[in-house]
Structures are given as C-alpha cells and as structure tokens.
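Here is the structure we will look at, set down as structure tokens.
The values are calculated or read from the model by the stated rules, or taken from the named source; none is laboratory data. Please read these numbers as outputs of a predicted model, since none were measured by experiment. Cβ coordinates were reconstructed from backbone atoms using ideal geometry, including for glycine residues, and neighbour counts include every protein chain displayed. Note: areas computed on protein heavy atoms with side chains; ligands, DNA, RNA excluded. Shrake-Rupley method; radii C 1.70, N 1.55, O 1.52, S 1.80 Å.
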Amino acid sequence: MSDIVFLCAARGSPTVRRVVVATSGAVTLGLAVAGVVVGSVQVGILIGLVGIAFLLSPVTYAQSMIAARRAVEAEKAAAISQAEADRTAALADERRRLSRELHDTVAGHVSAIAILAEAARDAADPGPIVDSIRSNSLAGLAELRAMIDVLAADGDETTTVRWSSLDPLIAAADAVGSTVTVDGDPAGLPRRTEAVLTRIAGEALANATRHAPGNPVSVRVEVDVDHVRLTVSNRISATPRGAGRGSTNMAIRAASVGGRAEGGAVGRVWTVTATIPSRGDSRAGETP
C-alpha cells in the first residue's frame, strides 16, 4: 500500500497527487481520532504514527523527489541556455575578428589600388604607379590566402604578419606623392606585439593615403624597457568627421595585448598613437 501511495504521489498527474495527499492525511487523522474515541489516547497516537509511517511518509518522500527532479531539470535548462549564449557570443566574436581582418588587410590594399588607379589615369609616367598597384594586389591576395588557410585549419595558426608587410602600403603612398618616412623598427619584439603594431600602422597609412594623398607621412617606433610607442602623423586638409571602423579596430587590437591606441587631429596634423607592452601581454586573447 505504501508503494502504491508513493507511485501515485510521485508519478501521478497533479490532480492525482492532490487527491493522494488529501486522502492520506484524512485517513491518518480519521484513524487516529477513531482510536482515541474507541480506545484511548495512546491507541490514537499509535494509530496516527502507523498512518504517518505507511501513508504520509511515502507522500513526503515523493514530494521531495519531485522537487529534486525539478531542480535538476532547471539546472539542465540553465546549462543549455548558458551554452547557447556562449556559442552565440563566440560566433559574434569570430565575426567581429574576421571583419577586422578584412578591413585592416584586404580592404586596405583594395583602397590603395583604387587610389593608385585614379592617380595612374593622369600620370605622365604611370609605370611606377602600375608597379605599386601590382604590389598591393599581390599583398592583398597573400593576406586573403593566409586568412583562408587559418579558417580551413583546425585551430588558429601563428600569425605571419611582419613589419615588412607595410612595404606595399608605403609604396602606394609614395606613388601618390605621400612621402613616407619610417623611424624605428619593432625587430626583436614578440611576434604578437609586432603583428599588432603592423596592423595599426597599416591602417593609419591606408587612412593617410585615402584622406590626404600627396601629404608626407611619418611613422615612428620607440621601444623602451616596458613599452613600445607607435606614432603615425600626416597633414590633413580637413578634420575627418567621426571615428570610422578603422579607429575602433586599432583600439581593439592594442587592447588585445594590454595596450591602447587612439587618433585625433591637432590643428592640421592627424596623429595616431599606440602604446603597448614591449614584452607582450600574458593574458589570453584573440589573434591580432
């Protein structure tokens, strides 16, 4: 009888459970009262204890089991919800990363090619400009292939971006009359640090070529014991309106290695500065 009561209270519908609880309580109380009336108080207490043991105890145990099962189901649902949220966040992070890669690599070279093609139409000797167009085309293709290789691999590969990757962008700036002077070299720094500096400098060079062609550009790298400071400056004819995606990407890349980057105009000079740890950052983060 106890097993039947337990099964009804544990597996039955809500209505069945309510009926079992009410019936068990009523039967136990009724028998206890009948024992007192017919026999004595001791008999009533004894009958009540027997009723509790055989009727109410199975009901209480069944209710505890139901509560535990609901708690497990709630934890499982919460875990599934958290896993889905983590998956969504990971996908969003990966999409933002790919967006930065396309913007800072392929888009920069394509933008340089467009500027160079425009300049080649009016140039008396378009040979050097055509050479620069070819150089940027090959560099953009190499960047795209490298990105495809990373996406096709099982995991992220070690970045192959080096300071020399700036050469096509420097050649593009020179081809449109923007003389680029480079002072300093991040040689000897960790590869991750060099990659971040290269990406930030490349974005600054692409912006200078796009928005102020013909004006000189200065790239300066200063390395001390703890930090490396990158400064890219160029003259502008008008202050750009708003901060584009490039500025945001530069700040994110610097932050990924524990540094900071910002850009702004002082008079007619636009300056991008980035300060990051010269020994790299030990925190885990996305590939720059």
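Summary of values
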quantity	calculated
Test result for Arg87, out of contact with any Cys (no Cβ under 8 Å at 6 or more places or on another chain), of a type outside the set (A, V, I, L, M) and open to solvent by 60 Å² or more (accessible area, probe 1.4 Å)	yes
Selection status of Val130, farther than 30 Å from Asn249 by Cα and in a helix (DSSP H, G or I)	no
Residue among Gly184, Gly202 that alone is in contact with a strand residue (DSSP E or B) (Cβ under 8 Å, 6 or more places away or on another chain) and at pLDDT 85 or above	Gly184
Selection within the range 181-206 - without any contact (Cβ under 8 Å) to a residue 60 or more places away in the chain and open to solvent by 20 Å² or more (accessible area, probe 1.4 Å)	Thr181, Val182, Asp183, Gly184, Asp185, Ala187, Gly188, Arg191
Hey, Gly214 under 25 Å from Arg134 (Cβ atoms) and either within 31 Å of the chain's Cα centre (by Cα) or surrounded by fewer than 15 Cβ atoms within 10 Å (Cβ to Cβ) (or both) or not	yes
Options Arg17, Arg69; residue that is among the basic types (Lys, Arg) and open to solvent by less than 60 Å² (accessible area, probe 1.4 Å)	Arg17
Output for the range 106-142, where each listed residue is without any contact (Cβ under 8 Å) to a residue 60 or more places away in the chain, crowded, with 22+ Cβ neighbours inside 10 Å and out of contact with any Leu (no Cβ under 6 Å at 6 or more places or on another chain)	Asn136, Ala139
